[in-house]
Amino acid sequence: MYKALYRKWRPMTFDDVISQKHITDTLKNQITGGKTAHAYLFTGSRGTGKTTCARILAKAVNCPNQKNGNPCLVCDICRDTDDTSLTDIIEIDAASNNGVDDIRDLRDGTVYTPERCSYKIYIIDEVHMLSTNAFNALLKIIEEPPAYVMFILATTEIHKVPATIASRCQRYDFRRIKPQDIAERLLYIAGQEKLNLTKDGAFLIAKLADGGMRDAVSLLDQCSVCADVINAETVSNIAGIAGRDYLYEILEAISEKNTVKALTVTDNLYDMSKDLTRLCEELITQLRNIMLIQVSPQTAESLIVCMPEELDKLKSLAGKSATDEIIYQLSVLQKCRENMSKVMNRRVEFEMNLIKLCGNKNNSPETIDNSEIYDRMKQLENKLNAISARNVASVRPAQKENLTAVSPVLSNKPVANVNMKASKPENKIPFLQWNEVIEEIMKVRPDFAGPLKGLTAFLSGNVLFIESGNEFFKGFFKKNNEEYDTVISQAVYKISGEQYTIKISNITSEQQKNNAEIFLNQAKDSDIEMVIDDNQ
C-alpha cells in the first residue's frame, strides 16, 4: 500500500527536525545529561514538529544505545516504537478521548511499572481539547507522577491549556518553519523520490505551506501525481491559486466604487456554486497583500503569497487606494466573515457589505473620518497663530473682554492642576497658542505630545479644555495622569504666561463641526482669506 510522503519522511531523530534547533539541542542535552523533566508541553502551529519531537524524545529516553541524545533507530525498542507496538509509550488523542473517565483510566495505569523500558511515557496530542473535569483529573498525577512516568503534552492552542497544567510542565514553543528551510527539505525529498521539482515550485509550495512542513510535503505529494515537472505553474494549478481573476475584478470594482460590477461578478460566482464565505476570506487575503505592498514595498514580495503575474495586479490596486481605506475595507470584510457564520442568508450578508465597500465611505455613519475635521481646524489654527499682534487686537471685543477677565494673577511657579474628569465648557474661546504648547511638550516628552496632535483647546473662565472624542487618547491620558499633569501645566505656563485648570472635554462629531465654525468665524473677523469646499 502506498505510504504518504509526509509519513514516509517524518523525522526519526532530532537532527532531522528543521528550524527548531533551539528545542532539539536543549532536549538532546537533557537526555545526555540525564536531566529530563517529568512533564513537557510542546506548543506551536500545525506541522511544526510537536508530535514528531514528542515521539523522538520518547524513543531517545528509552533507547539503550542513544547517540548524542538521539535514538539509535536499530534496537528493538526504537523499531517497536516506530511501528507503535511498544506498550510503554502510550499516545492519546485528546480530541476523541477528552472525558474525565479517559484521564482516570490513564491515571490508574500509571501505578504499573514499564514492561520493557526505563520510562512509561504518555503523549497527549491536542491536549487543549480535554474537558475541565479531565484537566482537573490530570492535575495531580502530572504534578507528582511516579519516577518512571513521563508526560509529553502537545497543543496548537496554548491559551486553552489551564495555567495550573502549564506551570507543571517544561514549555517549548515551536516556531513556524522558514520558507527557505521548507524549500530545501522539499528539494531533498524530491531528489530521493526521483521527482522533478524545480526551485520556483519548491519555494511556492513553501510559501503556501505557511510555516507547516507537513502541509508542504502533502502538497508536493499531490503535485507529483499530476505532472512530470513540478514547477510554479503546476503548483498554482493544483493549489487552486491560478485563475483567480474574479478576485481582482471585485477589488477593482471596490476601488472604482462600481457597485453594479461587484454584484454582477458575485452573482456569476454564486451561480457557479462558489462558497461566498471562502470568497470573503480570499478577498481578505488579497487586501492584506495590498496593504503590505503599500506600507512595505521593499519587503512585500517576501511577505505575500501570489503568482508573479498577480503581483503586478496587486501593485496596481495598491496605487488606487489609501492605506486607511484598505484598513477600513479589511475591517468590514472581517466583520462580514464573522457574521456569515451566524446569519440565515450568507449571500445577503456578503452583498450588503459589498455595497457598503463600493459606496462613499464618508457618507457612512460607521466611517466618519474625524481627521478631515481636525485638518481643517488645524489649518485655521495655524493661520490664526500666525497673525501679528495688531491683528490679534482686532478680535471681537466681547471675546477680548472675556479673555482679559479670565486671566488669573501670575505667580512665580506654575501650579499643576489638571482634572482628568470629562467636563463641558461654556462660552468657549479658542486657545490660539495650543500648537505652541504641543511643540513645547514635544521638546521634553514626544510620547505625550503625539496623542495631543489634532486635538483642539478652548478657554472658558480660568479653565483650559482639551476636547477629544478619541477613546485611545482619554485612556492614554488616564494611564499617565500624574506625569501629564506636570508636563501640560508647565508647557501652558511657559507659552502663555498664564495658569489654567486643565480639563478633558468629551466631544462628538457634531460638536467638532461646530468648533470648526467657530474657527471659521474668527478667521473671517481676522481678515484671513479662506476657500470653503462644500463637498467636504
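Within the range 14-45, name every residue whose backbone N is under 17 Å away from a label modeled 7 Å from Cα of Lys178 along the Cβ vector. So the set is 16-25.
Loop-located chymotrypsin sites (Phe, Trp or Tyr not before Pro) across the range 1-55 with a Cβ neighbour count of 13 or fewer within 10 Å are Tyr2, with loop assigned by DSSP.
Holding the Cα-Cα limit at 29 Å, pick out from Lys199/Lys261; Lys3/Lys35; Lys257/Lys313; Lys21/Lys335; Lys28/Lys120; Lys178/Lys320 the pairs that are longer than that. The partial results should precede the final answer.
Working: Lys199/Lys261 39 Å; Lys3/Lys35 37 Å; Lys257/Lys313 18 Å; Lys21/Lys335 39 Å; Lys28/Lys120 19 Å; Lys178/Lys320 32 Å.
The pairs that break the limit, which is 29 Å between Cα atoms, are Lys199/Lys261; Lys3/Lys35; Lys21/Lys335; Lys178/Lys320.
Summing charges over all other residues whose Cβ lies under 14 Å from the Cβ of Ser167, with Lys and Arg as +1 and Asp and Glu as -1, gives +1.
Surface listing: Lys50, Lys257, Lys178 arranged by accessible area from highest to lowest gives Lys178, Lys257, Lys50, probe 1.4 Å.
Keeping every protein chain in place, order Met344, Met442, Met352 by accessible area at 1.4 Å, biggest value first, i.e. largest first.
From most accessible down to least: Met344, Met352, Met442.
Which percent of the accessible heavy-atom area of the range 179-328 goes to carbon and sulfur, probe 1.4 angstrom? Provide the component values of the computation, followed by the final result.
On the way: 3640 of 7190 Å².
On the range 179-328, the fraction of accessible area on carbon and sulfur atoms equals 51 percent.
Excluding ligands, DNA and RNA, the accessible surface per residue across the range 46-154 is 45 Å² with a 1.4 Å probe.
Averaging the sequence gap over all C-alpha pairs within less than 8 Å and six or more residues apart, then dividing by the number of residues, gives the range 178-328 a relative contact order of 18 percent.
For the peptides 67-74, 127-134, residues were scored by their other Cβ atoms within 10 Å and the scores averaged per peptide; the highest-first order is 127-134, 67-74. Set the Förster distance to 30 Å, then compute FRET efficiency between Asp108 and Ala37 from the Cβ-Cβ distance, nearest 0.05. The pair Asp108/Ala37 has a calculated efficiency of 0.85.
The values are calculated or read from the model by the stated rules, or taken from the named source; none is laboratory data. What you are looking at is a predicted structure, and each value in this text was computed from that prediction instead of being measured. With ideal geometry, Cβ positions are generated from the backbone for all residues, glycine too; neighbour counts draw on all protein chains shown. We work out accessible area using only protein heavy atoms, side chains counted, and drop any ligands, DNA or RNA first. Shrake-Rupley method; radii C 1.70, N 1.55, O 1.52, S 1.80 Å.
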